[in-house]
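Structure record follows, encoded as C-alpha cells.
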Amino acid sequence: MKSYHVTTLNEFIIERQADFAYAKGELSRLLYSIGVAAKIVNKKVNKAGLVDILGASGEINVQGEEQKKLDIFADKQFIGALKASGECCGLATEENDEIVTFDTDMSKDGKYIVCMDPLDGSSNIDVNVSIGTIFSIYRRITPRGTKPEKEDFLQIGSKQIAAGYVIYGSSTMMVYTTGRGVNGFTLDPSIGEFCLSNPEIKTPKYGTIYSINEGNYVDFPEGVKKFIKYCQEIEPETNRPYTSRYIGSLVADFHRNLLKGGIYLYPSTAKDPIGKLRLLYECNPIAFLAEQAGGLASDGVNRILKMKPESLHQRIPFYTGSVDLVQKVEEFIAKN
Ligand code: AHM
Ligand code: MG
C-alpha cells in the first residue's frame, strides 16, 4: 500500500540529531529557527507585487550597493529568529558592515555563529524571478558566555557545521547539509511545512549547462574565455555544445545545476577585479553543499573550503558545479 506519510523538515532534523550527540539539540533548534524565518520571508516574497515592498529603500549597504526593501526585511527576520533561538551568539550578513552580536545571557552562551546572505539575487526582486537566502553555520572559537569576535567568523569553510539555502522560486525549497549529504525540502503551503522532496541529492559528474554573465566577456581572464569557447564547440562525444543558462541569482543558478549537472562561474571582471561573490556567506556555504553532493568549488586554482578568510565581506572568483566542468575550467586557467 502506498504510504502517504511525508517527512517534514523538523522531523528530519530531529531524526538526524542523533548524529550530533555533542550538539544536544542546539543545532536542530538553530536550523528550525532558520526554517521559520524563511517561511516568513517567503510570505513576503510571494506578496511582493501586492504590498508596498517593491523597489529600493533609498539606503546603500556597506559594499556601496543599493539595498532593496526586501533585503532589509529578510535581514531583520533572520537576525530576529536567530537571536530568539538562543543558540546563536552572533551573525555576519551581507547587509551589515560589522558582525552583529547578541547580548542576552542565553545568546552569549550560544555555541554557534552564522554567516548569511539574507536575500541573494537582489536584482531579481522587482521582476518576479527566483531569489534566495544562503546560510553557513560554525561552532564559535571564543569561549561561550562572552561576546563573539571577528575570528569566530573568519574560519575556513571546511569548519562549517552546516550550510544551506532557501530558494524562493516557482516553489519554495530549503536545501541543507550538515556534512552527511545534501537534502532538499519543498514548502507545502497548504500545511505550512517544508517536506522532504529531494533526499540525498547527488550532482551529475558530467554536466552540460554553463552559467555565467557573458556580458562581461571582454573582461574575463584568458582561461575563462577559452573555457566558454570550449563549451560552445561542437563535439557530440562530449555532448557539446553545452547549454547556457543564467538567471543572475546564485541560489537559483546553483540549484538548477546541482540537480541537472553544470557549472556556475563568476570570474574576476574589470568592475570586480577580485570577483563579485563573497567568500563567507555566498561561496563557502555553496561550496560545502557542492562537495557534499559530489561536486567541486574553486576560485579557479584553490579549493574554496580551504581558503582562510581575511575579512567579513571578502570577495573571490567562484567556479562551482559538476566535477568534470570545474576541473576543465581550472585546466584552462592554469594553461593561460
Ligand atoms: P547580491 O547578493 O547583491 O544579490 O549579489 C550576488 C548576485 C548573485 O546571486 C548572482 O549570481 C550575481 O550577483 C549576479 O551578478 P551579475 O548581475 O553581475 O551577473
Ligand atoms: Mg548575494
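The values are calculated or read from the model by the stated rules, or taken from the named source; none is laboratory data. Just so it is clear, the model here is predicted, and its values are computed rather than measured. In this analysis, Cβ positions are derived from the backbone assuming ideal geometry, glycine residues included, and neighbour counts consider all displayed protein chains.
Tabulated results
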read-out: Filtered residues of the stretch 194-218 (kept if surrounded by fewer than 19 Cβ atoms within 10 Å (Cβ to Cβ) and not in a loop (DSSP other than H, G, I, E, B)); value: Cys195, Leu196, Ser197, Asn198, Glu214, Gly215, Asn216, Tyr217, Val218
read-out: Residue pairs meeting the criteria (Cβ under 7 Å; at least 6 apart or on separate chains; first buried (at least 18 other Cβ atoms within 10 Å of the Cβ), in the stretch 3-26; second modelled with pLDDT under 80 and assigned to a loop (DSSP other than H, G, I, E, B)); value: Gln17/Gly25
read-out: Flag if Pro267 is within 12 Å of ligand 1 (Cβ to nearest atom) and in contact with a Gly (Cβ under 8 Å, 6 or more places away or on another chain); value: yes
read-out: Count of the stretch 88-116 residues which are farther than 18 Å from Pro285 by Cβ and of a type outside the set (A, V, I, L, M, F, W, C); value: 11
read-out: Residue tally, condition surrounded by fewer than 20 Cβ atoms within 10 Å (Cβ to Cβ) and more than 16 Å from ligand 1 (Cβ to nearest atom), over the stretch 115-151; value: 11
read-out: Count - residues of the stretch 270-297 that are within 11 Å of ligand 1 (Cβ to nearest atom) and aromatic (Phe, Trp, Tyr); value: 1
read-out: Top-ranked residue in the stretch 268-315 [being modelled with pLDDT under 95 and of a type in the set (D, E, K, R); ranked as nearest to Met174 (Cα to Cα)]; value: Asp272
read-out: Sole exception among (1) at pLDDT 95 or above; (2) out of contact with any helix residue (DSSP H, G or I) (no Cβ under 8 Å at 6 or more places or on another chain); (3) of a type in the set (Asp, Glu) for Asp120, by number; value: (2)
read-out: Helices (runs of 4 or more DSSP H) fully within the stretch 7-101 counting 2 or more residues that are modelled with pLDDT of 90 or more, away from ligand 2 (no atom under 16 Å from the Cβ) and within 19 Å of the chain's Cα centre (by Cα); value: 26-46, 69-85
read-out: Any hit, the stretch 145-167, residues being in a strand (DSSP E or B), over 27 Å from Ile316 (Cα atoms) and assigned by TED's automatic domain parsing to the domain that holds Asp103; value: no
read-out: Residue satisfying all of: in the stretch 228-242; in contact with a Cys (Cβ under 9 Å, 6 or more places away or on another chain) and not basic (Lys, Arg); surrounded by the fewest Cβ atoms within 10 Å (Cβ to Cβ) among these; value: Pro241
read-out: Qualifying residues in the stretch 123-138 (those that are more than 10 Å from ligand 2 (Cβ to nearest atom), modelled with pLDDT of 95 or more and not in a loop (DSSP other than H, G, I, E, B)) - the one nearest to the chain's Cα centre (by Cα); value: Phe135
read-out: Odd one out for Tyr242 among (1) more than 28 Å from Tyr138 (Cα to Cα); (2) modelled with pLDDT of 95 or more; (3) within 16 Å of ligand 1 (Cβ to nearest atom); value: (3)
